[in-house]
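Reading through the structure tokens given below for one structure.
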Amino acid sequence: MIKKIIIAILLVGSLVLSSGATWLYSKVDSALPLLEGKKTVFGLKDTALVERDDQGIVTIKAKSRVDIAVSTGFIHAQERFFQMDLLRRNSAGELSSLFGAVALDYDKSIRRHRFRERARKIVNTLPTEQKELLNAYTRGVNQGLLHLSTEPFEYLLLRQAPVQWSEEDSILAVFSMYIDLQYPDGQRERTLGLMKAVLSTDVYAFLDPKGSIWDAAIDGSQYKPAPMPTNAWPAASASVIKSEADLTSTEHILSHNNYQADEFPGSNNWAISGKVSSTGSAIVANDMHLSIRVPNTWFRARFEYPKNNQKVSITGATLPGTPNMVIGSNGNIAWGFTNSYGDYSDIIVLQTSADGSKYLTPEGETDFTYHKQIIAIKDEQPVEITIKETIWGPVIGENHLGQSLAYRWVAHDKEAVNLTAVELELAQNVEQAFNIAARSGIPSQNMMVGDKAGNIGWTIMGPLPKKFGKLGETPAYWHHGDNGWQGYLAPKQYPSVFNPTNDRLWTANSRVVGDEMLNKIGNGGYALGARAGQIRDDLLALKHFDEKALLAIGLDDRALFLKRWQDFLLAKVLTEQALAQHSDFIEVKSLLSNDDTLSAHIDSVSYRLVRNFRLNLRDLVFSELNETLSKLDKNYKFRSIRHQIETPLWQLVNQQNDNFMMRPLSSWTAVFNNALQKTLDDMKTTPDGNQQPLSAATWGQQNTTAIRHPLSKGVPFIDRWLDMPANALSGDSYMPKVQGKAFGASERMVVSPGHEETGIFHMPTSQASHPWSPYYGKGHSDWEQGKPSPFLPGETKYTLTLLSY
């Protein structure tokens, strides 16, 4: 009898599980996008065709640009709605309503910007034609969501329902790019402000160099670093000096899991004129460096529509959540971006009344304003917070003296976002592109553009604030009226370089120009120029180019920046005395002595040694200084100045002066040995905690990709379907081929306008976000291997017809 009961229970349980699995399968399967057939879409004025090739790259053909927008919104929603939802929630500070209290602190920090309210105001001020385009895109998004048989599968896993799209959500998607590409909290300026306040003038100048040997500006400008201070610095008691035995293997320096810390959101782009190209037109190359996840940031597309009795054909990458082509080629011009890292924000030190209720402005004392914000939290009661604001922007905290700080940021103004960039689809030449760039509302970028006639140019695309007074890289008082902003630069005032005499242009997040043009852009935390310099030298090494030659520059993984650190290890660290005291250093010397071409290859042990030694040495050398400054102000972040520190670090470890009073160990030799020993200990320990020989500790072992879907960590057993395969990849930070575990080129594009058929385009992950899509993951291996895959969509495999009412 018991046996029969058990069998019955097992049978019922199996039936329940089977039914549940069938239901789950059907729900997930129903969330697949429509690839073929006919659908009637509200908002279309005429029939539109959506063609997809084998990789899911779409070609949208319509009778008007408005219908292109409707169709683009439809496809974005079908393929990428969850990604779009994350973008709008990210900048609106509304992630808690989706993920729960785990996102509450982040939402609180973002709500101070009141981006949703600002987005609504921007929508209301857009020109009529842009607003019509945004309305059309929004209708398309909501129709695309409606025509899915069920909600996107992510919402099923989260037990949530998707919320319809609105016009302001597209503005919020762009605000998310502001958050990614600029400082939403003034972190770098607050860090430099603390340093300037507590360090002597010569020490601050030494640690904040204006230039270095790595400078690679396109106008040839050079700025010298400051000399090393001659007096004891910084002021500190001798008690901070520790012996080698006192310093544990993990104290004050990077942990084993933090060797990816130098990742730097940005990009590379370069262009050559028609005088040195195989096509006779300019050739533009671009790879935008961002965090890489599933699905990818960009969505590949081609638009075809008539305008002014001509056929417009534009191919490139779109950002789901917005209706325009972000980068690409229209047959007459090709363009791409790198993050410009100009100074697009300022921190204001407030002079407040004794009770803190008022603050001084140039017009006198005035009250703070307050805005209440309600944050919805999944499965919990909502939380109410209050945002405190000034005439310049929100109050973001206090400095080390307890003075309140306000934040003035381009992203808070109506000029921050518009759809002017859509005009690039019709631009005929570089000069027209320059004018469009200066009127566009995006996070300000280095725009690289080339045209069919062979011209090339660089400018800033996005708003440039017009500043007055003594505004630099540190907080300042504005209440006297001698510091501030006076609107934005007009297009004719924008910095630009057109057709340089060497027929080559390049940018890579470092300083691009100097003197008056630099003054207009400012310094918001440039990258070291090593990457830009290597691209420049690669360009100057050749006299003639085709697309594959420019792609090869983007795949250059030679470690030229680290070569001097390899020589430093051999000459200054691996001395006879060190080898006698540390037997495991002998193998290090053998490896480095026999590696004449240091590169970030996956099988290189030498590269990993030199690279990680430099990071460990850097963080050890400045450990006491960082600890002291962090105690003074919790908002001090060494990471925000890590690139500029290379220059003073190199001077310190080579000159080895004893006037640096915060050296963490009793001698420079002890510092070097400790950093190298830490490097070896970490390399000989596998990620799962086992020991391995040094010869097995390759760069590929450390630089193995972890490209994941946002939900794969939180939902058991689904990672095998959602995540990309974990593969060792070459490349790193200070070289053209930027590559980390989940960071790197979010796309690679090489294209000559008018010759798109020979262009090249790579993109990680794929077009799809649904794991059962027939093209999920397709194209990813081309990106991994650097295979020159086509820029244009391939042969049509799927055709979807969208009908008007």
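Per DSSP helix of 4 or more residues, -39500 (n - 2.57); summed, then divided by the residues of the chain. What does that give at 222 nm, rounded to the nearest 500?
Taking each H run of at least 4 residues, the total per residue is -10000 deg cm²/dmol.
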| For the stretch 512-669, what does the alpha-carbon gyration tensor say about shape, rounded, prolate or oblate, given a ≥ b ≥ c as the root eigenvalues, a/c under 1.5 as rounded, and a/b over b/c as prolate? | oblate
| Accessible area per residue in Å² at 1.4 Å probe, computed on the stretch 392-440 | 33 Å²
| request: Would you tally the net charge around PHE175, using a Cβ to Cβ cut-off of less than 15 Å, leaving PHE175 out, and scoring K and R as +1, D and E as -1? | output: -1
| query | Between ALA232, LEU615, VAL715, whose Cα lies farthest towards the positive end of the dipole of the chain when Lys and Arg beta carbons carry +1 and Asp and Glu beta carbons carry -1, centred on the Cα centre? | reply | VAL715
| said: Normalised radius of gyration for the stretch 462-567, please: alpha carbon Rg relative to 2.2 N^0.38 Å, two decimal places. | reply: 1.43
| Just how large is the dipole of the chain about the Cα centre, in debye to the nearest 20, putting +1 at every Lys and Arg Cβ and -1 at every Asp and Glu Cβ? | 1160 debye
| note | Measuring from its Cα centre, the stretch 485-549 shows a charge dipole (+1 at each Lys and Arg Cβ, -1 at each Asp and Glu Cβ) which, in debye to the nearest 20, is 120 debye
| query | How large is the accessible surface per residue of the stretch 31-107, computed with a 1.4 Å probe and reported in Å² as a whole number? | reply | 30 Å²
| query | Roughly how many Å² of ASP105 are accessible to a 1.4 Å probe, to the nearest 10? | reply | 120 Å²
| request: Could you tell me whether the stretch 54-179 comes out rounded, prolate or oblate from its Cα gyration tensor? Rule is a ≥ b ≥ c as square roots of the eigenvalues, rounded for a/c under 1.5, then prolate if a/b exceeds b/c, otherwise oblate. | output: oblate
| About its Cα centre, how strong a charge dipole does the stretch 553-603 have in debye, to the nearest 20, once Lys and Arg get +1 and Asp and Glu get -1 at the Cβ? | 240 debye
| remark: For the stretch 270-406, whose charge dipole is built from +1 on Lys and Arg Cβ atoms and -1 on Asp and Glu Cβ atoms, the candidate among LEU401, ILE333, TYR359 with its Cα farthest towards the positive end is ILE333
| Cα gyration tensor of the stretch 575-639, axes a ≥ b ≥ c as square roots of the eigenvalues: rounded (a/c below 1.5), prolate (a/b > b/c) or oblate? | oblate
| message | Considering only protein heavy atoms and a probe of 1.4 Å, how much of the accessible area of the chain is carbon and sulfur, as a whole percent? | response | 53 percent
| field | Alpha-carbon gyration tensor eigenvalues x 5, square-rooted, for the stretch 292-433, Å | value | 44, 21, 14
| said: Could you tell me the extents of the stretch 32-124's C-alpha atoms along the three principal axes, largest first, rounded to whole Å? | reply: 45, 32, 20
| Average accessible area per residue (Å²) across the stretch 157-236 - probe 1.4 Å, nucleic acids and ligands excluded | 42 Å²
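Would you rank ASP515, ASP29 by solvent-accessible area, highest first, keeping every protein chain in place and using a 1.4 Å probe? List each step's numbers first, then the result.
Details: ASP515 100, ASP29 65 Å².
My answer, sorted largest first, is ASP515, ASP29.
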| query | How big is the shadow of the Cα convex hull of the stretch 500-539, averaged over all directions, in nm²? | reply | 3.1 nm²
| message | Highest mean first, how do 784-793, 341-350, 427-436, 445-454 rank when packing is the count of other Cβ atoms within 10 Å averaged over residues? | response | 445-454, 341-350, 427-436, 784-793
| request: Just tell me, in residue order, which DSSP H segments of the chain are both 20 angstrom or longer along the helix axis (alpha-carbon based) and at least 0.5 in mean Kyte-Doolittle hydropathy. | output: 2-30, 167-181
| task | Evaluate the chain: find the radius of gyration of its Cα atoms, find its Kirkwood radius, and give the ratio Rg to Rh. | result | 0.98
| Charge dipole (the chain, unit charges on Cβ, about Cα centre) - positive-most of VAL70, MET447, TYR526 | VAL70
| note | Most packed first (mean Cβ within 10 Å per residue), the peptides 708-719, 763-774 order as 763-774, 708-719
| task | Kindly rank 159-172, 373-386, 723-736, 536-549 from highest to lowest mean number of other beta carbons found within 10 Å of each residue. | result | 723-736, 159-172, 536-549, 373-386
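The values are calculated or read from the model by the stated rules, or taken from the named source; none is laboratory data. Here the structure is a predicted model, which is why all the values come from computation and not from measurement. Methodologically, a virtual Cβ is constructed for each residue, glycine included, from the backbone with ideal geometry; neighbour enumeration extends over all protein chains shown. Protein only, heavy atoms only, side chains kept; ligands, DNA and RNA dropped before computing areas. Shrake-Rupley method; radii C 1.70, N 1.55, O 1.52, S 1.80 Å.
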